[in-house]
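The values are calculated or read from the model by the stated rules, or taken from the named source; none is laboratory data. Worth saying up front: this structure is predicted, and the values here are computed from it rather than measured. Here Cβ is always computed from backbone atoms with ideal geometry, including for glycine, and neighbour counts include all displayed protein chains. Protein only, heavy atoms only, side chains kept; ligands, DNA and RNA dropped before computing areas. Shrake-Rupley method; radii C 1.70, N 1.55, O 1.52, S 1.80 Å.
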Amino acid sequence: MLALLPAAIVAHALALSETLFANAGLNLGFASSLSLTLWLAMLVYGLESLLTPLPQLLRIAAPVAAAASLLPLLLSGHPQTIALHGWAHKAHIVVALLAYGLYTLAIFHALLLVATERRLHRPPAPGQQAGLPLLTQERLLFRLVQTAFVFLSLTILSGALFSNEIFGKPFVLTHKAVFGFAAWALFAILLIGRHLRGWRGNTAIRWMLAGFFFLVLAYTGSRFVLEFVLGRSL
């Protein structure tokens, strides 16, 4: 399956390009943003696997990414077209998308970590391959979380401090901003708890899932409500 990953990433990117750039600007609706997030997660996984192959993770993430690649074809909704004006706006969007992609990949890592931990308490199945040691997987997971936290911090700071330059209007505390701040706070607590208290296992994963939940609400969840519940783009 790993040998097919580059072709799958390229095919997903070609399908996305038709959706994302269908209008003048960036077409970021619920389906396209979810598909783009999964594509970024798989792209980062592909780069990560050059140093640390994790075929078990691919078996978890690949079906989800494949399903997400079809979403823009199945769910039209009422996507928002974002006019890209200036390098600061483009950089803000790129950094935000990287944060989403990295945290999504971190969630897949967390699921693999849970599966590995449970497998340690059961006798190995015949022919079952041994994966990476649990502690190694945990270090990889928190490396992703730390990197994603940097991008998320840059996203929130740039959006709040340079709102006029990026969006052309003063910063307003919208529901998306509140969810973003909540996600940032939960991930900050997770990293502090990891550093000071050595949080790991179920405790760390619970904080991670809570942070990711609010991060999803900040944009993807908001887009779902706007497009499929309220039936509008803004």
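Taking the Cα centre of the chain as origin and assigning +1 to Lys and Arg Cβ atoms and -1 to Asp and Glu Cβ atoms, the resulting dipole is close to 580 debye. Largest GNM mean-square fluctuation across 140, 120, 112, computed for the chain with C-alpha springs under 10 Å, falls on 120. If you wrap the stretch 143-229 in the convex hull of its Cα atoms and look at it from every side, the mean projected area works out to 6.6 nm². Expressed as an acute angle from 0 to 90° and rounded to the nearest 10, what is the orientation of the C-alpha long axis of helix 87-120 relative to the principal long axis of the chain? Taking the Cα atoms of the chain, the angle to 87-120 is about 20 degrees.
Computing FRET efficiency as 1/(1 + (r/R0)^6) for residue 14 and residue 87, where r is the C-beta to C-beta distance and R0 is 30 Å, gives about 0.70.
So how many Å³ per residue does the convex hull of the Cα atoms of the chain work out to?
Numbers: hull volume 31.9 nm³, N = 234.
Roughly 136 Å³ of hull volume per residue.
Solvent exposure of the chain amounts to 54 Å² per residue of accessible area, where only protein heavy atoms count and the probe is 1.4 Å. Principal-axis analysis of the Cα atoms of the chain puts helix 134-161 at an angle of about 10° to the longest axis. Accessible surface of the stretch 137-233, 1.4 Å probe: 69 percent of it comes from carbon and sulfur atoms. Specify which residue in the list 207, 53, 149 is farthest towards the positive end of the charge dipole of the chain, using unit charges on the beta carbon of Lys, Arg (+1) and Asp, Glu (-1), about the Cα centre. Result: 207, furthest along the dipole toward the positive end.
Hey, with R₀ at 41 Å, roughly what FRET efficiency would residue 160 and residue 74 work out to, going by the Cβ-Cβ distance, to 0.05? Write out the running numbers ahead of the final one.
Values: r = 35 Å, r/R0 = 0.86.
Working from the Cβ atoms, E equals 0.70.
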